[in-house]
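Participant: Before I ask anything, let me first share the structure, which is written out below as structure tokens.
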């Protein structure tokens, strides 16, 4: 091949080499860019979650309210058996049932019995700060925080129902709230209070007085859905689904098999791991006449859609 005839080939080769050099330079530049550290997958997920939370309403704190001896512990154990729940039992930051003396872990109790006793507002703020910690931890763990109210101290203690905010009102200062009220036939719950001696916590300790206080409890939570204990023990699966709908919880039918593993304070009634109606204890015949003679009690029965003849289920 003559030098002249080889010239076109040299031009093509030189052009190809120039292209390779240009590509090599771009590749090196891209390699440097790719070598920069990338955010971890966890960090990216956390960022996406944080951005999503900005556009979502915060989940509510669930509150469950009932008076003493109304079957509330059984229902609360079944709620606590639902998936991803975190239930605190018998909550009332302003409860009068706070013993003095040795309270090393109870900041509210310590503040009450300190050298300068804390007022109501300070006690509420202490409670809300602690609740905020639990609420935040529940969010991080993907759990639903539920507070079971200790309503007995507010409505069935001392000679008058005090003027004070309810647990629901206190919690709503800092968080959205989703609430449920559970009730039981008032005559049966009054008889249980007599059996435990707790009827002496309020004066006068009559059925008429109990009915008036029950009305005040219902007035406080008048905008809440109500579940009757008798309906729950008669059809646990259906009523538990209803409770989960009210509290915006995910329902699992397995609660009937797992609730027995959950232990809560406040289990003052006849303990057991079977959800079923139970016969009422014997009671003096005069109590039914007292009920008929009490206008507050008879209006209470009507308000809760009970009749006097329905007593006898515990």
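Participant: Taking 41 Å as R0, compute the FRET efficiency from the Cβ-Cβ separation of residue 304 and residue 45 and round it to 0.05.
Facilitator: E between residue 304 and residue 45, to the nearest 0.05, is 0.25.
Participant: From the Cα gyration tensor of the stretch 157-226, with a ≥ b ≥ c the square roots of its eigenvalues, which class applies: rounded if a/c is under 1.5, or else prolate if a/b is larger than b/c, or else oblate?
Facilitator: prolate
Participant: Listing 113, 217 from the residue with the fewest other Cβ atoms within 10 Å to the one with the most, what is the order?
Facilitator: Ranked by crowding around the Cβ, least crowded first: 113, 217.
Participant: I've got another one for you. Would you mind estimating how fast the stretch 92-132 diffuses translationally, via Stokes-Einstein at 37 °C and 0.692 mPa s with the Kirkwood radius over Cα pairs, in µm²/s?
Facilitator: 316 µm²/s
Participant: Further question: Which ordering of 248, 298, 240 is given by a fewest-first count of other beta-carbon atoms within 10 Å?
Facilitator: Result, fewest neighbours first: 248, 298, 240.
Participant: Treat the count of other C-beta atoms within 10 Å as a stand-in for reagent exposure and order 90, 137 from fewest to most.
Facilitator: 137, 90
Participant: Taking the Cα atoms of the stretch 52-193 alone, what are Rg (to one decimal) and Dmax (as a whole number) in Å?
Facilitator: 16.3, 52
Bear in mind that the values in this text are calculations on the coordinates, not laboratory data. No experiment lies behind these values; they were computed from the predicted model shown. Every residue, glycine as well, gets a Cβ built from its backbone with ideal geometry; the counts of neighbours run over all protein chains shown.
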